[in-house]
Amino acid sequence: TPDRYLHEVVLQRVDSLDAEGSATVNIRLFLEVVAVWVITALCLVKGIHSAGKAAYFTVLMPVVMIAILFAACIGLEGAGDGLRYYLTPRWEALLSAEVWGLAAGQIIFSLSPGMGTCISLASYHERSYRLLAWDCVVIAVSNSAFSFFGGVVVFSVVGNLALTLGKPVEEVAASGEGLAFIVFAQGLAQFEGRWAQVLSIAFFLTLFLLGLDSTFAVIETLQTYVNDWILSRNPSAKITARGNAARLALIATTLLLVGLPYVTRGGYMLLEIADHYIVTYCLSVSVLLEYVMIGHVYTAEQMIEDVHESTGIQLPSWFAIHLRYVAPVTIGIVICLLFASELTSDSLGSYPQWAIFLFGSLPTCIALSAIAWPAAQFRFRRFFWGIVYPMLSQRTPESLAAARLRARQGGFKSFQDSDDQPEHGHAI
């Protein structure tokens with residue numbers, strides 16, 4: 001069956017993280033991960049230009065594949081039941097904090113507003129480019145439309161499978177990887193002849209290409225960070241193709257090593273922990289901090305001015321209120337609801353505390369501290385150079401000479417800032 005094949009053959013999954021062999025590397029998974037990073041490095045070796053060419057295939061091909069799957073699956077017997085389950089609103093779910101958290105995490109992960117991906121990729125445009133606002137609308141709408149369209153395909157197959165098994169759709173439908181790798185695989189197996197193989201190849205090739213797209217985006221974002229850091233330290237430095245290739249190899253190798261625990265026989269459970277904390281907390285809180293930095297540190301007015309300069313669009317004045325208060329308060333409420341839900345639920349209760357700390361709490365704290373530190377540093381610099389330094393600069397070296405001498409002779413305890421003392425007088 002698909003579930004046994006996934007867990008016993010592909011993942012070689014153990015029952016718990018404390019079981020014998022849980023830290024053993026799954027060689028098959030390791031080689032597959034290595035292959036992904038090699039493909040990524042080869043596609044990005046020439047920088048953003050080769051990434052753009054590779055994106056024509058990795059982005060457009062999944063659209064073609066999902067269209068083929070739609071044509072083959074929409075007419076299946078029972079597909080209507082699956083679509084009815086998919087499209088029928090369940091309003092009571094809106095009262096669940098977990099639903100809001102997962103929805104926020106999903107849209108943040110897919111559009112990458114809290115990870116700098118869109119900003120990094122957009123930075124390669126010419127300064128004269130004036131279609132950024134249109135790009136934002138197209139990307140946001142296309143992302144949600146593709147997700148919605150993919151759901152139509154999946155639940156058409158789920159409805160057919162439920163009819164075949166004689167079960168309600170809600171009993172057959174699963175969440176997460178169970179829906180894609182178990183339920184959908186069972187549904188595709190219902191097709192006759194070679195259609196089952198062709199559609200299975202199309203579906204899983206779509207998932208593979210979408211995963212490559214995410215990998216490309218992560219690598220390009222990190223490489224842009226590194227290049228910007230080099231230029232900030234040495235503005236005269238040149239970003240060469242050879243240097244880019246070396247940094248690409250270093251980043252890919254580092255991420256490969258970071259991913260090693262997840263290709264062990266217990267890696268599936270470690271991935272569940274990491275996914276829970278990254279999607280639920282790390283991304284949500286990072287977006288909140290980004291709003292705080294933009295609205296209060298960089299200032300909303302400056303951001304509105306930048307948008308006008310880059311796109312020619314003048315945002316309304318109330319948009320500053322949105323950046324400063326409405327958006328951060330909204331995402332803050334979602335985060336608070338998530339914390340409350342975490343305290344009352346036991347979603348990770350079956351995992352050992354050491355695993356939750358090492359692969360959940362600790363990486364989240366490190367990531368969030370790395371995000372918050374630049375904002376604190378920026379605020380300190382603004383305070384020092386904007387307030388403290390002008391106050392100090394008002395005192396000329398001549399007027400400070402007496403104070404320095406008194407401090408050297410009598411110490412700070414007897415320091416008195418008296419204007420009527422002679423320059424060579426003694427401290428009282």
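The values are calculated or read from the model by the stated rules, or taken from the named source; none is laboratory data. A quick note: this is a predicted structure, and the numbers were derived from the prediction, not measured. With ideal geometry, Cβ positions are generated from the backbone for all residues, glycine too; neighbour counts draw on all protein chains shown. Calculation scope for accessible area: heavy atoms of the full protein, side chains included, ligands and nucleic acids excluded. Shrake-Rupley method; radii C 1.70, N 1.55, O 1.52, S 1.80 Å.
Might you check whether a residue that is over 24 Å from C43 (Cα atoms), assigned to a loop (DSSP other than H, G, I, E, B) and open to solvent by 60 Å² or more (accessible area, probe 1.4 Å) occurs anywhere in segment 219-233? No - not one qualifying residue is present in segment 219-233. At least 3 residues being touching a residue at least 24 places away in the same chain (Cβ under 8 Å) and under 18 Å from the mean Cα position of the chain (by Cα) is the threshold, and among the helices (runs of 4 or more DSSP H) wholly inside segment 65-167 those reaching it are 97-111, 117-122, 132-165. Going by what's in this entry, would F146 be described as within 20 Å of V218 (Cβ to Cβ) and out of contact with any Lys or Arg (no Cβ under 7 Å at 6 or more places or on another chain)? Yes. The numbered conditions (1) open to solvent by 40 Å² or more (accessible area, probe 1.4 Å); (2) assigned to a helix (DSSP H, G or I); (3) under 17 Å from V154 (Cβ atoms); (4) at pLDDT below 85 are all true for L205 except (4).
One line per residue, one yes/no per condition, for (1) charged (D, E, K, R); (2) open to solvent by 40 Å² or more (accessible area, probe 1.4 Å); (3) not in a helix (DSSP H, G or I):
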residue	(1), (2), (3)
R247	yes, yes, no
T254	no, yes, no
L257	no, yes, no
L270	no, no, no
I278	no, yes, no
C282	no, no, no
S286	no, no, no
G295	no, no, no
Q302	no, yes, no
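Residue-by-condition table, conditions (1) over 17 Å from V279 (Cα atoms); (2) in contact (Cβ under 8 Å) with a residue 24 or more places away in the chain:
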{"residue": "I304", "(1), (2)": "yes, no"}
{"residue": "H308", "(1), (2)": "yes, no"}
{"residue": "P316", "(1), (2)": "yes, no"}
{"residue": "F319", "(1), (2)": "yes, no"}
{"residue": "H322", "(1), (2)": "yes, no"}
{"residue": "I331", "(1), (2)": "no, yes"}
{"residue": "L337", "(1), (2)": "no, yes"}
{"residue": "L358", "(1), (2)": "no, no"}
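Looking at segment 318-372, the helices (runs of 4 or more DSSP H) lying wholly inside it that each contain 1 or more residues that are under 20 Å from the mean Cα position of the chain (by Cα) sit at 327-344, 353-356. One residue stands out in segment 92-128 among those that are modelled with pLDDT under 80 and charged (D, E, K, R): the one that is nearest to V292 (Cα to Cα), namely E98.
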